[in-house]
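The values are calculated or read from the model by the stated rules, or taken from the named source; none is laboratory data. Treat the numbers as computed from the prediction; the structure is a model and nothing was measured. FYI the Cβ positions are ideal-geometry reconstructions off the backbone, even for glycines, and counts take in every protein chain you see. Calculation scope for accessible area: heavy atoms of the full protein, side chains included, ligands and nucleic acids excluded. Shrake-Rupley method; radii C 1.70, N 1.55, O 1.52, S 1.80 Å.
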Amino acid sequence: MKNLLIAGNWKSNMVKSEARQWLEEFSEQDFPENAEIVIFAPFTLLDMISAYIKVNDLPVRLGAQDISPFEKGAYTGEINVEQIKEFGDYVLIGHSERRSNFSESDEMVNKKIEMAKAAGLNIVVCVSNLDQVNKLSSRDLVIAYEPIDAIGTGNAEDPKHTSEIASEIKNQTSASVIYGGSVNPENVKKYTGLENINGVLVGSESLHPRSFVSLIRNAV
Ligand code: PGA
């Protein structure tokens, strides 16, 4: 069986007390060993979550949802690679919500990729179409294919189409491809069962520890 990446993207949700409760409920469960589980948490929670993972030996990796395109210095409001590396070893770059709400360009996405790569972080870069794949400066990373219409709508993409796009991405790059967009415990296997899909990126269903655990179990 292939090793899967199952990543939860909490987006701009949760305060410390909620995250702690999530972790407590999550850690009461057993997890399949052949999946890499990652949580992309808000910056404000990285410290607490990384401490919890260490103390409780939780089989979970931690990542940030964005990264500064610059080194440390006079960049008010930005969180740089070294700051992220204190707590986690993954970073999500170029999510469609950042591209649309914060005007993040392909050029900016590439700057962030280069910065994270140089720092040795594991990168998951999000794309919504093949055009965005073509514009990536680096192609040996994890690409999360997330069609816009499927994000947060409950309308997950037809897995046949997902498979076609994943093949195209694999033809053009040496990336691992994961799917994101309304993935839930019931439909997850339709994607992780595809030969050219290496995992999933999960938004809303990752906010509930029990659904996230069922999703992980059903995925493998
Ligand atoms: P969703 O979000 O699972 O809520 O559709 C996915 C994502 O935006 O990464």
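Per this entry, residue 72 is not counted among residues that are in a helix (DSSP H, G or I) and surrounded by fewer than 21 Cβ atoms within 10 Å (Cβ to Cβ). Looking only at residues in segment 14-39 that are within 17 Å of the chain's Cα centre (by Cα) and farther than 16 Å from residue 208 by Cβ, which one is least open to solvent (accessible area, probe 1.4 Å)? Top of the filtered list is 38. Of note, residue 131 does not satisfy the criterion of being open to solvent by 60 Å² or more (accessible area, probe 1.4 Å), in a helix (DSSP H, G or I) and within 11 Å of the ligand (Cβ to nearest atom). Remark: pairs (first residue in segment 136-148, farther than 14 Å from residue 198 by Cα; second residue outside any loop (DSSP other than H, G, I, E, B); Cβ separation under 6 Å; 6+ apart in sequence or on different chains) = 137/110; 138/113; 148/96.
Report yes if some residue within segment 172-181 is of a type in the set (Ser, Thr, Tyr) and either within 21 Å of residue 66 (Cβ to Cβ) or within 13 Å of the ligand (Cβ to nearest atom) (or both); otherwise report no. Yes, there is a match, as at least one residue in segment 172-181 is of a type in the set (Ser, Thr, Tyr) and either within 21 Å of residue 66 (Cβ to Cβ) or within 13 Å of the ligand (Cβ to nearest atom) (or both). Scanning segment 193-215 for residues that are within 14 Å of the ligand (Cβ to nearest atom), part of a helix (DSSP H, G or I) and over 14 Å from residue 151 (Cβ atoms) gives 207, 211, 212, 215.
Note on segment 169-192: residues that are in contact (Cβ under 8 Å) with a residue 60 or more places away in the chain and either over 19 Å from residue 155 (Cβ atoms) or assigned to a helix (DSSP H, G or I) (or both) total 2.
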